[in-house]
Amino acid sequence: MKESINQKKDRVKKIIPRLRRVYPEAKTALDFRTPFQLLVATILSAQCTDKRVNMVTPALFKRYSTARDFVGAQASELEDLIRTTGFYKNKTKNILGASKAIVERFGGEIPGRLEDLVTLPGVGRKTANVVLGSAFGIPGLTVDTHMIRLNQRLGLTRHSDAVKIEFDLMKIVPEKEWTNYSHLIISHGRARCTARKPDCVGCEINHLCPSKGKV
């Protein structure tokens, strides 16, 4: 039987406090000091673990800290600094392009609106929402692989496209909880509801999950 929007809302309202008790410190795993550094770290995290990114960024941000610093960077040097994150040539191109756009169009300061962020090279809705939620405190749903997998398993979306999932969740997750919900679900995806072997028996929200024991 198909669930209504209100029924999904009710389940989400029960899921959030339960996960909050399990992951009270849930937040982005990327290390950063400024919104711009978070933007760069998020670009680097594509097809790469946050742990690896955090190993790379201290030396990177010591050499280049602001958008203006990156504009003056040599592509070859930047590639060497981020090489271990994978796809380093494309990431270098995006970081340099985004930095140039921020300097030329936004006075060197990273914009605080999704509509502006997604115009930057290498920045899609996921990256924009990471920055808005964790750097600016503006609610945003960050749909990564964990969010895709868990929200499908929870029966909160039937889509596999990240943007469509984001729009589905916007209808059932309270706006003020968008960022927190993303952090909680991602934490749960890493710790409990893994891709290959989900721990349904030990799951703290298994009574709210229609996929319990079926994955």
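If the chain linking Lys212 and Ala195 were pulled fully straight, counting 0.36 nm for each residue of separation and taking away their Cα-Cα distance, it would gain 4.8 nm.
A cut-off under 15 angstrom between Cβ atoms defines the neighbours of Asp80, and their net charge, with Lys, Arg +1 and Asp, Glu -1, is +4. Distance between the C-alpha centres of region 77-99 and region 1-37: 31 Å, rounded to the whole angstrom. When each of Phe167, Phe32 is scored by the number of other beta-carbon atoms lying within 10 Å, the sequence from fewest to most is Phe167, Phe32.
Applying the Karplus relation 6.51 cos²θ - 1.76 cosθ + 1.60 with θ = phi - 60° to region 155-168 yields 3J(HN,Hα) values of x, 8, 7, 10, 7, 10, 7, 4, 5, 5, 5, 4, 5, 4 Hz, where x marks Gly and Pro.
Modelled spin labels at Asp31 and Gln152, positioned 7 Å past Cα toward Cβ, are 3.4 nm from each other. Between the helical axis of 125-135 and the longest alpha-carbon principal axis of the chain there is an angle of about 80 degrees. All other residues whose Cβ lies under 12 angstrom from that of Asp144 are scored, Lys and Arg at +1 and Asp and Glu at -1, for a net of +2. For region 152-215, a simple Cβ point-charge model (Lys and Arg +1, Asp and Glu -1, everything else neutral) yields a dipole of about 320 debye relative to the Cα centre. With an a/c value of 1.5 or above and a/b not larger than b/c for the gyration tensor axes a ≥ b ≥ c computed over the alpha-carbon atoms, region 139-194 is described as oblate. In this Cβ point-charge picture (+1 for Lys and Arg, -1 for Asp and Glu), the chain has a dipole of about 860 debye about its Cα centre.
For the chain, excluding the exposed loop sites themselves (trypsin sites (Lys or Arg not before Pro), DSSP loop, at most 16 other Cβ atoms within 10 Å), the longest remaining stretch covers 34-112. The calculated 222 nm mean residue ellipticity attributable to helices in the chain amounts to -17500 deg cm²/dmol, summing -39500 (n - 2.57) over DSSP H runs of n ≥ 4 and dividing by all residues.
Give me the net charge for the shell around Gly97: Cβ to Cβ below 12 angstrom, other residues only, Lys and Arg +1, Asp and Glu -1.
Combined, the nearby Lys, Arg, Asp and Glu give +3.
With no solvent and one equal point scatterer placed on each C-alpha of the chain, evaluate the Debye formula and give log10 I(q)/I(0) for q = 0.09, 0.17 Å⁻¹, two decimals. One equal scatterer on each Cα of the chain leads to -0.38, -1.13.
Relative to the dominant Cα principal axis of the chain, helix 178-191 is inclined by about 80°.
Place a point 7 Å from the Cα of Lys2 along the Cα-to-Cβ direction; which residues of region 146-182 have their backbone N under 16 Å from it? Residues 155-159, 168 fall inside that zone.
Cα gyration tensor of region 102-215, axes a ≥ b ≥ c as square roots of the eigenvalues: rounded (a/c below 1.5), prolate (a/b > b/c) or oblate? Prolate.
Relative to the longest principal axis of the chain, what angle (0 to 90°, nearest 10) does the C-alpha long axis of helix 5-22 take? Here the helix axis deviates by roughly 70 degrees.
Each value in this text was obtained by applying a stated rule to the coordinates, not by laboratory testing. Values in this document were obtained by computation on a predicted structure and should not be read as measured data. Glycine gets a Cβ as well: all are built from the backbone with ideal geometry, and neighbour counts include every protein chain shown.
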